[in-house]
Each structure stands twice: as structure tokens, then as C-alpha cells.
1. Taking the residues in the stretch 21-45 that are touching a residue at least 12 places away in the same chain (Cβ under 8 Å) and touching a helix residue (DSSP H, G or I) at 6+ places or on another chain (Cβ under 9 Å) as candidates, determine which candidate is farthest from residue 67 (Cα to Cα).
2. Is it the case that some residue within the stretch 26-37 is farther than 26 Å from residue 14 by Cα, touching an Asp or Glu at 6+ places or on another chain (Cβ under 9 Å) and among the polar types (S, T, N, Q)?
3. Among the candidates 60, 36, single out the residue that is loosely packed, with under 13 Cβ neighbours inside 10 Å and out of contact with any Lys or Arg (no Cβ under 7 Å at 6 or more places or on another chain).
4. Take the stretch 73-87 and flag every residue that is out of contact with any helix residue (DSSP H, G or I) (no Cβ under 9 Å at 6 or more places or on another chain) and more than 27 Å from residue 33 (Cα to Cα).
5. Can you tell me which residue among 67, 51, 55 is among the basic types (Lys, Arg), modelled with pLDDT of 90 or more and under 12 Å from the mean Cα position of the chain (by Cα)?
6. Restricting to the stretch 63-97, and then to whatever is of a type in the set (A, V, I, L, M) and part of a loop (DSSP other than H, G, I, E, B), can you tell me which residue is surrounded by the fewest Cβ atoms within 10 Å (Cβ to Cβ)?
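The values are calculated or read from the model by the stated rules, or taken from the named source; none is laboratory data. Being a predicted model, the structure only gives us computed values, none of them experimental. Ideal geometry is used to build each Cβ from the backbone, glycine not excepted, and the neighbour counts take in all protein chains shown.
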Amino acid sequence: MAEGNPLGGQPDLAKCLLDMAVDSWRFGRLFERALSALDAGEQKRYLAQFRWFQRRMEESLGEAGMRFVNIEGHPFDPGMAATALNIEEFDAGDALVVDQMIEPIVMGPEGIIRTGTVTLRRMET
């Protein structure tokens, strides 16, 4: 490798896979929203291709000992492995639920590899 390489040698392949997987996850969320603008026939065709891609990404993560954790719809606990972007909008006594995952939580064999990012909403009673 040439001197001055910012990677300092071989890149960490697991980190590269993780970065690509998280970016793919984010892109997938955007893609799902875009699909909703299509008619049902086109949605079905593109959704099948998208689901195949998601399955392949999850298989690749699994082979590397990692997996995504989605906590949408779960009651929020400040001890969760996720940063709540809008926590300041609520009072301390509010019962909160995870409304949307912005970035997924990534788990590995030893525990949390990367914390997620979420938005919250008040729990409906």
C-alpha cells in the first residue's frame, strides 16, 4: 500500500460490511416509501426484488455474526441501545414508544456492535 493510506493497511472487512449493511438498511426504508407511490402491480414486482436483497444482506450479516434489531413499536426505555432524536419533546412521566427506527441496532455474538437511532411518540392509551 502507498504511504499515507488513511486506512493504514487492510480495511476491517467486518466494519466495511457493517457500514454497507446499515446504509443499505437506510436506503431500504427510503425505497419502501417510494414504492408506496407506485401502482399495486409495480409495487409487487419491485417489492419482491427488494425483499430478496434484504434477505441476502441479512444472510451476509449473519455469516459475519451480526444481525439487525428493530425496536419500532416497542415501549421506550432510556437503557435501550438507541439514541432518541426527539426525547426533549416529552415530559419525564410520559409513556413513550419507539415510533421509527432511523438507524438499526446491530448486535453481534458479544452484544451490541452499533447503537441505533430512533424517534419517539407518546404511547396511545
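1. 35
2. Checking the stretch 26-37: not a single residue is farther than 26 Å from residue 14 by Cα, touching an Asp or Glu at 6+ places or on another chain (Cβ under 9 Å) and among the polar types (S, T, N, Q).
3. Selected residue: 36, the only one of 60, 36 that is loosely packed, with under 13 Cβ neighbours inside 10 Å and out of contact with any Lys or Arg (no Cβ under 7 Å at 6 or more places or on another chain).
4. Within the stretch 73-87, 77, 79 meet the criteria.
5. Just one listed residue meets the conditions, 67.
6. Keep residues of the stretch 63-97 that are of a type in the set (A, V, I, L, M), which gives 64, 66, 69, 71, 80-82, 84-85, 87, 92, 95-97.
Subsequent filtering for residues that are part of a loop (DSSP other than H, G, I, E, B) retains 64, 66, 71, 80-81, 85, 92, 95.
Working: 64: 15, 66: 19, 71: 18, 80: 17, 81: 15, 85: 13, 92: 4, 95: 11.
Step by step, filter the stretch 63-97, then rank; the result is 92.
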